[in-house]
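J.: Let me begin by handing over the structure; questions about it come next.
The values are calculated or read from the model by the stated rules, or taken from the named source; none is laboratory data. Not measured: the values here are computed from a predicted model. Cβ sites come from the backbone with ideal geometry, for glycine too, and all protein chains shown count toward neighbours. With ligands, DNA and RNA removed, areas are computed over all heavy atoms of the protein, side chains included. Shrake-Rupley method; radii C 1.70, N 1.55, O 1.52, S 1.80 Å.
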Amino acid sequence: MRPKSPRLAVRAILVEDGRLLVVNAWPDGQSPLMCAPGGGVEVGSSLPDNLAREIYEETGMRIEVGAPCLVNEFHDPGSRFHQVDVYFRCTVAEGSPRPEVWDDPEAIVTQRAWVTREELAASPHKPDSLAAVAFDGTGITYDPLEPLVK
């Protein structure tokens, strides 16, 4: 049985000094796959407010959420999982701390890194368009449905 609707999540394209913030959010580091930080949307809160909350929870940083830049969707063909991610261009808010130690209270994020385009290319990541969206700064993009990978 398929779910009635896909899970909706928001993610941040956060680039500072030529480096993109990426995280590993596989429980117990089951996969080396990196992605942009963010998470599931809570009902009754706007997409930008959800994203600001998620980034604060995962990094302790406060952000300014800008324009959407990517809609990506993926699914697990063998299960009922289907997720739509809406990515937003973001900046670290003026005066926001950049903690030395980040503690995700839900213990979902197992690794964080600020990576250059070359470092991103050398590590497993999703979506495939992440580098182009983050570093080329073009308008809004859509990635067709793709299978979930670990």
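J.: Within the group 100, 57, which residue is at pLDDT below 90 and within 15 Å of the chain's Cα centre (by Cα)? Give the steps one after another, and end with the answer.
T.: Working: 100 fails: within 15 Å of the chain's Cα centre (by Cα).
None of the other options fit; the residue is 57.
J.: For the range 111-143, which residues satisfy the criterion of being of a type outside the set (A, V, I, L, M, F, W, C) and open to solvent by 70 Å² or more (accessible area, probe 1.4 Å)? Give the steps one after another, and end with the answer.
T.: Here is the first cut: in the range 111-143, the residues of a type outside the set (A, V, I, L, M, F, W, C) are 111-112, 116-119, 123-129, 136-139, 141-143.
Across the range 111-143, the qualifying residues are 111, 117, 118, 119, 128, 136, 138, 142.
J.: Go through the range 47-87 and give me each residue that's free of Cβ contacts under 8 Å to residues at least 60 places away in the same chain and hydrophobic (A, V, I, L, M, F, W, C).
T.: We begin by selecting, within the range 47-87, every residue free of Cβ contacts under 8 Å to residues at least 60 places away in the same chain; these are 47-66, 78-79.
47, 51, 52, 55, 61, 63, 65 - these are the residues of the range 47-87 that are free of Cβ contacts under 8 Å to residues at least 60 places away in the same chain and hydrophobic (A, V, I, L, M, F, W, C).
J.: Which residue out of 65, 71 is open to solvent by 30 Å² or more (accessible area, probe 1.4 Å), out of contact with any helix residue (DSSP H, G or I) (no Cβ under 7 Å at 6 or more places or on another chain) and not charged (D, E, K, R)? Walk me through it before giving the result.
T.: Working: 65 fails: out of contact with any helix residue (DSSP H, G or I) (no Cβ under 7 Å at 6 or more places or on another chain).
Answer to the selection: 71.
J.: Out of curiosity, is residue 64 acidic (Asp, Glu) and within 15 Å of residue 23 (Cα to Cα)? Write out each step before concluding.
T.: Numbers: acidic (Asp, Glu): yes; within 15 Å of residue 23 (Cα to Cα): no.
It is false that residue 64 is acidic (Asp, Glu) and within 15 Å of residue 23 (Cα to Cα).
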